[in-house]
Amino acid sequence: MAEPFNDKILPADKAGRYAAVADEIMAVLAGEPNLTARMATVAAMLAASFPHYFWTGFYVVDPGKPDELVVGPYQGTLGYLRIAFGQGVCGTAARSRQTQVVEDVHAFPGHIACDSRSASEIVVPVVDAQGHLIAVFDVDSEVPAAFDRLDAQWLERILQDVFAD
C-alpha cells in the first residue's frame, strides 16, 4: 500500500517536485513530435516522481468514435479499455472539459472501478493547439483525498506545455 502522501510532503515541496519534473519532461520531449511517445513519457515520468500515483496515464479520444475514450499509454495495473463521454470520472472530464478532483472515488456517481485499491483520482482534459480534446490524463491513488488544487494546477500546466504547442 502507498505511504500517506499528505502527511509527508508540504505544498511547497509538492510544487517544487512538480516544477522539477515539468522541466525534466520538457527537456526529454524537446523536438519529439510523436503523440504516443509524448504521452508515454509524461505518464512514466510523473508516475516515477510521486509515490502516491498508483495508476497514471491517458485515455485517448477514439478517432472512429469521437464520443469515446480508449486506453492509451499508462503506468499501473490493467486499465479500463473504453470509456464513453460522461461515464465515470474520465468520461465526465472529457464531456465537461474540466479537471475533476475526486477525494473519494467510491462516492463518485458512476465511478468505474478498474482496481479496488483506488481511493482518490484526478483527471485532466488534454487539448491540442487548436483546442480540440485529444485525451484525458488520469491519476489514481490508494490514498484518500491525495489530490488538490495544487495538483490540478501543475498537471494542467504540464499538459498544456506538452500538448498545446
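Rule-based calculations on the coordinates, nothing more; no lab input. In this text, all values refer to a predicted model and were calculated from it rather than measured experimentally. A quick note on method: Cβ atoms are made from the backbone with ideal geometry, for glycine too, and the neighbour counts reach across all protein chains shown.
When the chain is treated as a GNM, springs tying every alpha-carbon pair under 10 Å, which of Asp104, Asp13, Asp138 comes out with the largest mean-square fluctuation?
Judging by the Gaussian network model, the answer is Asp13.
Length gain on complete extension for the stretch Ala27 to Ile112, per 0.36 nm per residue less the alpha carbon to alpha carbon distance? Could you put the intermediate results ahead of the total?
On the way: separation 85, 0.36 × 85 = 30.60 nm, distance 3.44 nm.
Result: 27.2 nm gained on full extension.
What ranking do 31-38, 125-132, 77-84, 43-50 get when scored by the average of other Cβ atoms within 10 Å per residue, highest first?
On the way: 31-38: 11.5, 125-132: 13.6, 77-84: 15.1, 43-50: 18.4.
Output ranking for 31-38, 125-132, 77-84, 43-50: 43-50, 77-84, 125-132, 31-38.
Specify the residue with the greatest mean-square fluctuation among Leu29, Leu155, Leu69, computed from a Gaussian network of the chain linking alpha-carbon atoms under 10 Å apart.
Leu29
Simple spin-label model, 7 Å along Cα-to-Cβ: Gln130 to Asp67 in nm?
So the two model labels end up 2.1 nm from each other.
Note down the nm distance, to one decimal, between modelled labels 7 Å out along Cα→Cβ at Gln98 and at Ala15.
Distance between the two pseudo-spin positions: 2.4 nm.
So if each residue of separation counts as 0.36 nm, and I subtract the Cα-Cα distance between Asp161 and Arg82, what length gain in nm does that give?
Result for the pair: 25.8 nm of gain on full extension.
Quick one: which residues, 5+ away or cross-chain, put their amide H under 5 Å from the amide H of Ala84? H built at 1.01 Å from N.
Here the answer is Leu69, since their amide H atoms fall under 5 Å of that of Ala84.
For a quick size check, give me the Cα extents of the chain along its three principal axes, largest first, whole Å.
43, 38, 24
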